[in-house]
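Visitor: A single structure is presented below for examination.
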Amino acid sequence: MAAPEPRVERMLDSAAELLVRWGYQRVTIDDVARHAGIGKGTVYLHFRSKDALFLTVLLRVHRVLAARLAGRMETDAREVLPSRMMRHVYDEMVVDPVARSLYLGDVEVLGKLVHEAADSLGEFTALRQQVIVEHIRLLATAVACARGSTPSRPCTPSPPSARASWSPTGWGPHSPARTSTCAPICSNARSRCPSRSPTRPPPSSNRSRP
């Protein structure tokens, strides 16, 4: 993906800073243009509306986070584990106030963007959910195979609620409630794999009774 030109990055940086400082409802295109040191018309040259500008800010946060996660996975295979992935997500939330507002669904900061994202990015959200499900399925398959068994059923999600708010991970407190058929994979793997706990020897027949 080609990097945005410096002027566009400056607009997005200014929009992100003002979004956190004032909240979506108070920020205007004039404010962003003034903060970035450019004309209002230049902003509209790249973004057709205020919504489009700030949705791009949110997408940039998600894109940067996804790129960093992918880079870590390429360097260290253990980074595919959900525990490690979520730790890095929380680290990003600590240092990036926009990411924190996005992942927590902070309506005071994001305003109607929470609902606008759900309407405008539905296809992207569905694709992201498919990637998450496939990631978990591959992990479950790897665990089952390492234990000498093979999962018998694929993992497929049920459709999200149409009125649910958008979340970049699908795991946030404001994410749509979902169920899936991943459970049979885990239960089948557990039923066919030996327990990790040591097996206790049977009681000795020569053991004296009290």
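The values are calculated or read from the model by the stated rules, or taken from the named source; none is laboratory data. Treat the numbers as computed from the prediction; the structure is a model and nothing was measured. Glycine gets a Cβ as well: all are built from the backbone with ideal geometry, and neighbour counts include every protein chain shown.
Visitor: All but one of (1) among the aromatic types (Phe, Trp, Tyr); (2) at pLDDT 90 or above; (3) part of a helix (DSSP H, G or I) hold for residue 24; which doesn't?
Guide: (3)
Visitor: Show the residue pairs meeting these rules: Cβ distance below 8 Å; 6+ apart or different chains; first residue within segment 95-111 and modelled with pLDDT of 85 or more; second residue of a type in the set (Asp, Glu) and part of a loop (DSSP other than H, G, I, E, B).
Guide: Short answer, once both residue conditions are applied: 100/106.
Visitor: Considering (1) within 24 Å of residue 14 (Cα to Cα); (2) within 12 Å of the chain's Cα centre (by Cα), say which one residue 101 fails and leave the rest.
Guide: (2)
Visitor: Continuing with this model, one more query. Of the residues 67, 33, only one is under 21 Å from the mean Cα position of the chain (by Cα) and either in a helix (DSSP H, G or I) or farther than 21 Å from residue 124 by Cβ (or both); which?
Guide: Answer to the check: 67.
Visitor: Name the single residue that is modelled with the lowest pLDDT among those in segment 114-131 being under 21 Å from residue 79 (Cα atoms) and surrounded by 17 or more Cβ atoms within 10 Å (Cβ to Cβ).
Guide: Per the stated criteria, the residue is 128.
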